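The values are calculated or read from the model by the stated rules, or taken from the named source; none is laboratory data. Keep in mind that what you see is a predicted model, and the values were worked out from it rather than measured. Reconstructed Cβ throughout: ideal geometry from the backbone, glycine too, with neighbour counts over all protein chains shown. Ligands, DNA and RNA are excluded from the accessible area calculation, which covers all protein heavy atoms including side chains. Shrake-Rupley method; radii C 1.70, N 1.55, O 1.52, S 1.80 Å.
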Amino acid sequence: MPLRIYNTKSRNKEDFQPLNPPRVAMYVCGITAYDYCHLGHARASVVFDVIYRYLKFKGYEVRYVRNFTDIDDKIIRRAQERGQDWKQVAEFFIQAFLEDMRALGNLPPGDEPRATEFIAEMQAIIAKLVEKGIAYPAKGDVFYSVRKFPTYGELAQKNLEELEAGARVEVQEAKKDPLDFALWKAAKPGEPEWASPWGQGRPGWHIECSAMSTKLLGPSLDIHGGGRDLIFPHHENERAQSEGAYDKPFVKYWLHNGFVNLNADKMSKSTGNFLTIRDVLVQYPHEAIRYFLLSAHYRSPLDFNEGNMKEALAAVDRVYQTLQRLEECGPGRDGAGPESAWSSVEDFPAAFEDAMDDDFNSAQVLGVCFELVREINKFLDAGPSASHLEKYRAEVKNALARVGACLGLFAQPPQAYFEARRRFTLSQGALSEAEILQKIAERKEARRNKDFKMSDRIRDELAAQGILLEDKPDGTTTWKAK
RNA sequence: GGCCAGGUAGCCAAGUGGUAAGGCAGAGGUCUGCAAAACCUCUACACGGGGGUUCGAUUCCCCCCCUGGCCUCCA
């Protein structure tokens, strides 16, 4: 089955056929570096990380570029608030973003260019547009003349009349048409500026992506992605710029991820309705966050709340619990275990690929994973022989390697996962590990004396601290993070 | 107002022209001193409303309702 991708441009799923196979040129709009990133950014980054990984898994040579906007109004404003240089502000939040990306388990893109490194390229495109009569300078600004681009609005499925009617754009006298947008902005006192054929100034927002994508990937991209909110005007404008300048189709497949909602509303910096990635990383293991972000289809809205996150954490725990059991389980008497356990693991690769081929349906993949988890448990319940056990372990490992490679989930050794969970709990709780072990020893003593009242009390006290005791069949007791 | 998404069991969430994955919760069981945890099993007359097409629609078409988004910076 071929990979099918939903293309925002056609509003349909289409077979994926790269322009120059096996190469795939993929450009994703990154962040404006003026603040810490929130979960919405996390979703976009994880979604496109998974797409990147899966394309590579399918054998494509993917060139993945994700930019940083390091010059813009908000950065300048933030710099003024902090009494810092705009460059310092941008660099600080770029580094913070990169930390967040690592923490979330995302692979780094091949290139992460900064807009200000491409001023010359932007100016070249602007000059070309001016030369072609598509853009016009006006009092030190340069505007793109939207009506000169016949298919303007096609991506967002908007026509100019509608846009005009709904326009909330401030009237700017220099603009010939209210829908025109800035390619170059004349310098204002106290703001960063660069020399240009139109005077001192700085670039408009949209032009940077046209410049960076063209320079690094060429004038025609296979995939261009970003959040749904970028469809209009950002991506519409990029299209207008690039196609206006180069007369070539800019992008073959436009991909847009859905929002993360908080309290049922879009998470957004400007409204203050957001949680930063770091806010959430101190509360939950990164893999639970990743799981949560991939538990719905990437185009669907996703509602963040404590209940959903706890479910995600429980789900990830369940998988690792089973993987740990699989690793640690000793052989039984004999037998191969149930047939369904074998077929489940054998069918897994195809089921995985079917789901991912259908517009990167990670939620379906997770469903398939849990079916496998149940079968693994059934298999272990059956007490299979050593040779069968060994073979089964290898097959499971092989099957789940896909999920690790493409979704970045379930790839840790289970012991490491639970150890990290314990450390996490220790870092948040009042008790040290030594104290917990001391309590466990006290409880063991109480149990030996059949003082169950005491032993239960110790257990309850620990439970109140988020610490779960597990009495193993061999008489030992271990603890887990709740 | 225009445009775009989406409305699936208590909650989250896949999916399909021929009566619908998975997770959480719930019930029972195994285990246990008892619990917890873990595992197994089970459960739920779930497809917003109304028309239409069809032998048959939750799945296609139309209308309506509701939610969210975009139309201004935004992943």
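Would a scan of region A:406-428 turn up a residue that is open to solvent by less than 60 Å² (accessible area, probe 1.4 Å), away from RNA strand B (no atom under 12 Å from the Cβ), among the polar types (S, T, N, Q) and at pLDDT below 90? Within region A:406-428, one or more residues are open to solvent by less than 60 Å² (accessible area, probe 1.4 Å), away from RNA strand B (no atom under 12 Å from the Cβ), among the polar types (S, T, N, Q) and at pLDDT below 90.
The residue list A:H224, A:H235 contains one member that is over 15 Å from A:R63 (Cβ atoms) and surrounded by 24 or more Cβ atoms within 10 Å (Cβ to Cβ), which is A:H235.
Among the residues of region A:63-108, write down those that are open to solvent by 10 Å² or more (accessible area, probe 1.4 Å), within 12 Å of RNA strand B (Cβ to nearest atom) and touching a Gly at 6+ places or on another chain (Cβ under 8 Å). Residue satisfying the conditions is A:R66 alone. Among the residues of region A:38-62, the one identified as of a type in the set (F, W, Y), farther than 23 Å from A:A211 by Cβ and open to solvent by less than 10 Å² (accessible area, probe 1.4 Å) is A:Y54. The residue of region A:196-246 that is farthest from the chain's Cα centre (by Cα), among those that are among the hydroxyl-bearing types (S, T, Y) and within 18 Å of A:I71 (Cβ to Cβ), is A:S196.
Results for (1) more than 17 Å from A:K185 (Cβ to Cβ); (2) touching a helix residue (DSSP H, G or I) at 6+ places or on another chain (Cβ under 8 Å), shown as yes or no for each residue.
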| residue | (1), (2) |
| --- | --- |
| A:I94 | yes, no |
| A:M101 | yes, yes |
| A:V142 | no, yes |
| A:E162 | yes, no |
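Exactly one residue out of A:Y27, A:Y6 is in a strand (DSSP E or B), within 16 Å of RNA strand B (Cβ to nearest atom) and outside the structural domain of A:L255 (by TED's automatic domain parsing): that is A:Y6. Residues in region A:276-303 that are hydrophobic (A, V, I, L, M, F, W, C) and either more than 26 Å from A:K74 (Cα to Cα) or open to solvent by 40 Å² or more (accessible area, probe 1.4 Å) (or both): A:V282, A:A288, A:I289, A:F292, A:L293, A:L294, A:A296, A:L302. Summed over region A:458-476, the residues that are surrounded by 13 or more Cβ atoms within 10 Å (Cβ to Cβ), within 10 Å of RNA strand B (Cβ to nearest atom) and of a type in the set (D, E, K, R) give a count of 2. Here is the figure for region A:396-436: residues that are in contact with a Phe, Trp or Tyr (Cβ under 8 Å, 6 or more places away or on another chain), assigned to a helix (DSSP H, G or I) and not β-branched (V, I, T) total 10.
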